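Below is one structure, written out as structure tokens, with a few remarks after it.
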Amino acid sequence: MKTTKVSSIAFAAAIFVVAVALSPPARCQAVAVESPGRGVSSGQWSVQVDQVDSRNVDLAYSFQIAIYENLVDELNKTKRFEHIFREGDRSAGEAANLLVLKTTVEKYTRGSETQRAVTSVSGATKLTVRTQLVTRDGKVAFERTVDGNVRFFGSNLRATHNLAHNMAKAIMRSESEPPTAIVAGQL
Amino acid sequence: MGLVVSRNRKNTYSGRHPIWRVLALLICCTLTALAQSPTDREHASAPFSVRATHLLGFENAKSNCNGTLSIENGALHFQQNGKTGTQIKVDSVRDVFLGGESKQVGGLPMTMGKAAAPFGGGRVVSLFAHKKYDILSLEYLDTDGGIHGAIFQLGKGQGEVVKNELSNRGVPVTSHQDQTAKQNSAEVSHENN
């Protein structure tokens, strides 16, 4: 009898522990679901990705293209925008709520894959960009400085993938922050 | 008198020579142009293909996959090994850029092997297990006018061939030779360090 009681208490405790362990992600999910419903749901917004501006930095053209393409991919993955337009797309003009994503390369450290593989501590490829979401009338709705690096494994171009991923993450995080809400008020 | 005659002759010859020279030059130029232009046209329309690795961006092609990059019937075509290809019109290509990159060979299995090697043996292998590639970047427009970029990795020296082929077919090629030179020198300096 005693053994049954102990085992049932242990079972209940185990269920409680599992429930507690699982609860934080569930909360996060709830927040994630809620956020599109607030002030500005990015689901109603479209974004036009402009080409990367690297006039201040000596950046290889393949890197500029890679950042641009990876950014379009990563923003598509977020599924938070109604449309992701590319620069020059004529249909972007018809979009009701359009934000333009501008990317300016601020710093670039050219690394070497061989150096990384040999030393493990040097040869990192580092990219720092300033990213801005601008409204049609030129008002800045969002601005961040984002990094993208390759420190150990992978080719130099992988830095662009990491950078685009971080940029998309930063945009996602800022969704419920005041700047976007201000934009909503202005529009 | 004799002197006068010889002078006159000289004058007449010197007067005729430039005309003949110009005429001969014109004939030569015309013949050369006639001989060259069909060859160029044939060359421009001749199919061309090269082995390449698609890194990213090409219409509907999987990233980091090997295949054949070809130019045929006014289209730039990329066919993955054993799969159906994708293509864009050569006319839609807005610019071509050529760069260089030194990469480690062997991919993930080699990386794992190097990491598992005892006494830092993997690092020594890494020192020699790298190869230089040409990186060909294309900028092209879709039907709506949106800008796309595609990056291909080709064997050393083949990027220049593809660039020339595209140039022969009327693609505007921006001179970015300095970029290749800069990158290669940077890579060499890194490797020397």
Distance between segment A:111-173 and segment B:115-159 - C-alpha centres, whole angstrom:
18
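Over all residues in A:106-117, what is the mean tally of Cβ atoms on other chains that come within 10 Å of each residue's Cβ?
5
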Along the Cα-to-C-beta direction of B:K131, a point sits 7 Å from the Cα; which residues of segment B:69-107 have their amide N less than 14 Å from that point?
B:101-107
Expressed in nanometres to one decimal, the distance between label points 7 Å along Cα→Cβ at B:K156 and B:D144 is 4.3
Take the cross-link list A:K77/A:K107; A:K79/B:K103; A:K169/B:K62; A:K107/B:K89; A:K169/B:K131 and give me the ones stretching past 30 Å between alpha-carbons.
A:K79/B:K103; A:K107/B:K89; A:K169/B:K131
Within a 10 angstrom radius of each residue's Cβ in B:144-156, how many Cβ atoms of other chains show up on average? Whole number is fine.
5
For A:Q132, what charge total do you get from the other residues with a beta carbon under 11 Å from its beta carbon, if Lys and Arg give +1 and Asp and Glu give -1?
+1
In a shell of Cβ-Cβ distance under 13 Å around B:L136, excluding B:L136 itself, what net charge do Lys and Arg (+1) and Asp and Glu (-1) give?
-3
Please work out how much length the chain gains when fully extended from B:S63 to B:F119, using 0.36 nm per residue of separation minus the C-alpha to C-alpha distance, in nm with one decimal.
16.7 nm
How charged is the neighbourhood of B:Q158? Take every other residue with its Cβ under 12 Å from the Cβ of B:Q158, and add Lys/Arg as +1 and Asp/Glu as -1.
+1
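All of the numbers you see were taken from the coordinates with simple rules; none came from a lab. Owing to the predicted nature of the structure, the values given are computational and were not obtained by experimental measurement. Positions of Cβ are generated from backbone atoms using ideal geometry, with glycine treated the same way; all protein chains shown enter the neighbour counts.
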